[in-house]
Amino acid sequence: MNLILQGLDTDRPTIDRLAAMAGAQHIVPVKEHVYRCEGVRFSKALKEEIDTACLAADLDGTFVEAGRKLSDFKLVTMDMDSTLITIECIDEIADMQGLKPQVAEITEAAMRGEIEFRESLTRRVALLKGLDAGALQRVYDERLKLSPGAENMLKAVQAAGLKTLLVSGGFTFFTDRMKSALGLDYTHSNVLEIVDGKLTGRVAGGIVDADEKKLTVERVCAELGISPKQAIVMGDGANDLKMMGIAGLSVAFRAKPIVRAQADVALNFVGLDGILALFD
């Protein structure tokens, strides 16, 4: 196995110390602040030790099979809120109603897995009843920002011929615009019901919960004629775990502990383009 060490800033003594801890045979500088430690004998105990040391050093450490290539994959699937973008859209919409603390508290509990996502979304959307639909455009224009490294990551995977899927427990108002702006191949999310220019406090149609996210990945893979094991899946919350669980490579991006613990890759410090350093 290789151990990839990367951070926003690195110092060689720390890299050397972590490489020695992992029993690496060689250290190869990949680019600035990215190192590949080769010839590592992986074990669960070693991973736990390296994870703890990396967190303390503000580094991301990932064990990956030597020789793995980006071209081994055919699809990149991304959650939207707090993964591809920096905000939780529903929290920012709620801020237009003066209800951000109440909604954000429910969002956080759902992402930690303490509340079932379907229930949490229903409760949060209900609090938005009566809000002028123009608030959605204000959130898109004034608050929505891509996560660090998102553009670099997307350019690289698209150049390599991988298809892209944005699947979200958020809303079509945002995913449709992201699809157009970023040239994404597929999107799937919830529809906020709007009547006479006002939010009704309901979602129209089915809810995109953890099961629906997983089914969406399976549907797109079937359409592309590939196995889910040829998909990279990125997320941050508990409702992403089922789709991450069927992927060939699961990536927890600045995620909740429950998600980091189950993912193949945890990026806590570098941007989304940190996945590119994992491949030869």
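Nothing in this text is a laboratory measurement; each read-out follows from the coordinates by a stated rule. These numbers come from a predicted model, not from an experiment. Please note: Cβ atoms are built from the backbone with ideal geometry, for glycine as well, and neighbour counts cover all protein chains shown.
The table that follows gives values for the structure above.
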{"quantity": "Residue of L182, L165, L267 that the Gaussian network model of the chain assigns the largest fluctuation, springs spanning Cα pairs under 10 Å", "calculated": "L182"}
{"quantity": "Extension gain from E38 to D176, taking 0.36 nm per residue of separation minus the Cα-Cα distance", "calculated": "45.5 nm"}
{"quantity": "Segment 1-66, relative contact order in percent, only Cα pairs under 8 angstrom and at least six apart counted", "calculated": "48"}
{"quantity": "Residue among Q25, Q262, Q158 with the largest mean-square fluctuation in a Gaussian network model of the chain, springs linking Cα atoms under 10 Å", "calculated": "Q25"}
{"quantity": "Set of segment 62-91 residues, backbone N closer than 15 Å to the point 7 Å along the Cα-Cβ line of L8", "calculated": "86"}
{"quantity": "Most to least packed among 142-154, 225-237 [average Cβ atoms within 10 Å]", "calculated": "225-237, 142-154"}
{"quantity": "Segment K47-I246, length gained on full extension (0.36 nm per residue, minus Cα span)", "calculated": "69.5 nm"}
{"quantity": "Degrees separating the helix 44-56 axis from the principal Cα axis of the chain, which is the longest one", "calculated": "70"}
{"quantity": "Cα-Cα separations in segment 121-276 greater than 23 Å, expressed as whole percent", "calculated": "41"}
{"quantity": "Links that overshoot a 18 Å alpha carbon limit, given the list K74/K229; K44/K229; K145/K242", "calculated": "K44/K229; K145/K242"}
{"quantity": "FRET efficiency for E65 and E119, using Cβ-Cβ distance with R0 set to 41 Å, rounded to 0.05", "calculated": "0.55"}
{"quantity": "Highest to lowest packing among 84-95, 7-18, scored as the average C-beta count within 10 Å", "calculated": "84-95, 7-18"}
{"quantity": "On Cα atoms only, tilt of 100-111 relative to the major axis of the chain in degrees", "calculated": "50"}
{"quantity": "Virtual spin-label span in nm between Q262 and E142, 7 Å along Cα→Cβ", "calculated": "3.7"}
